[in-house]
1. Return the only residue of 10, 33 being in a strand (DSSP E or B) and open to solvent by 50 Å² or more (accessible area, probe 1.4 Å).
2. Being without any contact (Cβ under 8 Å) to a residue 24 or more places away in the chain, among the small types (Gly, Ala, Ser) and assigned to a loop (DSSP other than H, G, I, E, B) is the filter here, so list the residues in the stretch 51-66 that pass it.
3. Looking at the stretch 55-88 only, could you name the residues that are touching a helix residue (DSSP H, G or I) at 6+ places or on another chain (Cβ under 7 Å) and surrounded by 12 or more Cβ atoms within 10 Å (Cβ to Cβ)?
4. Pull out all pairs, ordered by first then second residue, where Cβ-Cβ is under 8 Å, the residues are six or more apart or on different chains, the first lies in the stretch 86-100 and is in contact (Cβ under 8 Å) with a residue 24 or more places away in the chain, and the second is loosely packed, with under 14 Cβ neighbours inside 10 Å and β-branched (Val, Ile, Thr).
Amino acid sequence: SKFSVVISKVSTGSYKRQVYEVPSGKQLLDQAVIDRITWATWTSVLGDEVIGIWSRHAEKADVNCACVSHSGINLVTGDDFGMVKLFDFPCPEKFVSFLF
């Protein structure tokens, strides 16, 4: 049988990704469980799926926002330099070239 659980992901000020069950507020700590989650949306600059959004000399604070398209194949980011960049999603390789 299929069931649905609402899961929320947050990014902390110390650049850590935390995952919680909703509405219980219970934090998920088992990385194997977290790795199996299929996210309905993605608006985080953190995670193995988005390692490639930073250029070679960028700091984590340079990229302010990210959002995956509804189709799940593209990721757009906004940064401190006024740039909006388009990437393939996921982009787990470091220092990938952005599409636009």
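The values are calculated or read from the model by the stated rules, or taken from the named source; none is laboratory data. Here the structure is a predicted model, which means the values were calculated and not measured. No Cβ is skipped: glycine too gets one built from the backbone with ideal geometry, and neighbour counts run over all protein chains shown. Heavy atoms of the whole protein, side chains included, go into the accessibility calculation; ligands, DNA and RNA do not. Shrake-Rupley method; radii C 1.70, N 1.55, O 1.52, S 1.80 Å.
1. Exactly one of 10, 33 is in a strand (DSSP E or B) and open to solvent by 50 Å² or more (accessible area, probe 1.4 Å), namely 10.
2. Our first condition is that a residue be without any contact (Cβ under 8 Å) to a residue 24 or more places away in the chain; within the stretch 51-66, this holds for 57-59, 61-65.
Applying the additional criterion that residues be among the small types (Gly, Ala, Ser) yields 58, 61.
58, the sole residue that qualifies.
3. Once the filter is applied, which keeps residues that are touching a helix residue (DSSP H, G or I) at 6+ places or on another chain (Cβ under 7 Å) and surrounded by 12 or more Cβ atoms within 10 Å (Cβ to Cβ), the stretch 55-88 yields 63, 66, 75, 77, 79, 87.
4. The qualifying pairs are 89/73.
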